[in-house]
């Protein structure tokens with residue numbers, strides 16, 4: 001697939017054969033004030049780095065570190081937050097999401113590396129997407145939301161938050177770190193003692209050698 005421009009709130013380029021680190025959450029799963037303050041601080045820091053670092057490679061590295069720092073804080077907020085819905089704790093709801101990943105992997109829409117379904121958010125890594133990422137995520141969230149809302153007997157209200165976090169994994173070191181981070185997320189959140197004990201985590205056997 002060729003590079004394709006797509007837009008959420010900010011423009012993105014989707015590189016050929018990109019490996020995506022994805023996170024999306026339930027609607028209203030974070031207090032808007034905390035989330036917005038975190039985003040504002042990140043945006044201010046990114047602007048500062050762009051304006052003060054002249055060397056392109058150094059600037060890219062600094063920007064990536066800042067994005068990683070922001071995401072770590074964002075994910076910690078989700079793990080520790082007692083605000084908002086936790087519908088994904090319900091096995092029948094989490095099963096809808098895990099089956100949606102499995103279906104798309106088997107249909108070749110993307111190649112799945114791993115996922116972890118947390119009480120209020122979802123992590124995944126996949127690549128070889130056969131459609132632009134925003135279309136893949138839109139379809140995934142729309143279909144799973146419809147099925148989940150039927151079970152929850154909810155109508156006229158969003159299930160997923162409108163935006164998703166997506167990041168292109170650019171090297172083997174980052175790939176290994178992201179795989180381990182996602183699978184360890186339930187452990188770090190105190191939900192289980194080993195990642196494999198969490199019913200709604202998955203690692204494609206092809207990538208088992210990346211675990212530490």
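Miscellaneous remarks
- Of the residues making up the range 58-72, those that are touching a helix residue (DSSP H, G or I) at 6+ places or on another chain (Cβ under 7 Å) and at pLDDT 80 or above are 59, 62, 63, 66.
- Residue within the range 34-41 that is exposed (fewer than 12 other Cβ atoms within 10 Å of the Cβ), at negative phi and at pLDDT below 75 present: no
- Any chance residue 212 is in contact with a helix residue (DSSP H, G or I) (Cβ under 6 Å, 6 or more places away or on another chain), closer than 28 Å to residue 17 by Cβ and crowded, with 18+ Cβ neighbours inside 10 Å: no
- Restricting attention to the range 120-143 and to residues that are over 23 Å from residue 74 (Cα atoms) and touching a helix residue (DSSP H, G or I) at 6+ places or on another chain (Cβ under 7 Å), the residue that is modelled with the lowest pLDDT turns out to be 129.
- Any hit, the range 73-90, residues being within 26 Å of residue 205 (Cα to Cα) and in contact with a helix residue (DSSP H, G or I) (Cβ under 6 Å, 6 or more places away or on another chain): yes
- Close contacts from the range 63-88, counting a first residue that is under 19 Å from residue 32 (Cα atoms) and a second that is at pLDDT below 80 and not in a helix (DSSP H, G or I), with Cβ to Cβ under 7 Å and a gap of 6+ residues or different chains, come to 83/31.
- When 177, 157 are checked against the criterion of being touching a residue at least 60 places away in the same chain (Cβ under 8 Å), surrounded by fewer than 18 Cβ atoms within 10 Å (Cβ to Cβ) and farther than 19 Å from residue 101 by Cα, a single residue qualifies: 157.
- Among the residues of the range 3-12, some residue qualifies, meaning at least one is in a loop (DSSP other than H, G, I, E, B), closer than 22 Å to residue 170 by Cβ and either out of contact with any helix residue (DSSP H, G or I) (no Cβ under 9 Å at 6 or more places or on another chain) or modelled with pLDDT of 80 or more (or both).
- Restricting attention to the range 100-137, the residues that are closer than 21 Å to residue 162 by Cα, outside any strand (DSSP E or B) and out of contact with any strand residue (DSSP E or B) (no Cβ under 6 Å at 6 or more places or on another chain) add up to 9.
- Inter-residue pairs, beta-carbon under 7 Å, first touching a residue at least 12 places away in the same chain (Cβ under 8 Å) and in the range 44-61, second surrounded by 10 or more Cβ atoms within 10 Å (Cβ to Cβ), 6+ apart: 45/66; 46/63; 46/66; 49/59; 49/62; 49/63; 49/66; 50/59
- Applying the condition of being in contact with a strand residue (DSSP E or B) (Cβ under 9 Å, 6 or more places away or on another chain) and closer than 20 Å to residue 195 by Cβ to the range 79-94 and asking which residue is surrounded by the most Cβ atoms within 10 Å (Cβ to Cβ) yields 88.
- In the range 138-167, residue nearest to the chain's Cα centre (by Cα) [restricted to those that are farther than 17 Å from residue 122 by Cα and not in a helix (DSSP H, G or I)]: 157
- The set of residues in the range 133-154 being closer than 9 Å to residue 24 by Cβ and in contact (Cβ under 8 Å) with a residue 60 or more places away in the chain consists of 137, 141.
- Test for residue 173: is it over 15 Å from the mean Cα position of the chain (by Cα) and either modelled with pLDDT of 95 or more or over 23 Å from residue 92 (Cα atoms) (or both): yes
The values are calculated or read from the model by the stated rules, or taken from the named source; none is laboratory data. Owing to the predicted nature of the structure, the values given are computational and were not obtained by experimental measurement. Cβ: placed from backbone, ideal geometry, glycine included. Neighbour counts: every protein chain shown.
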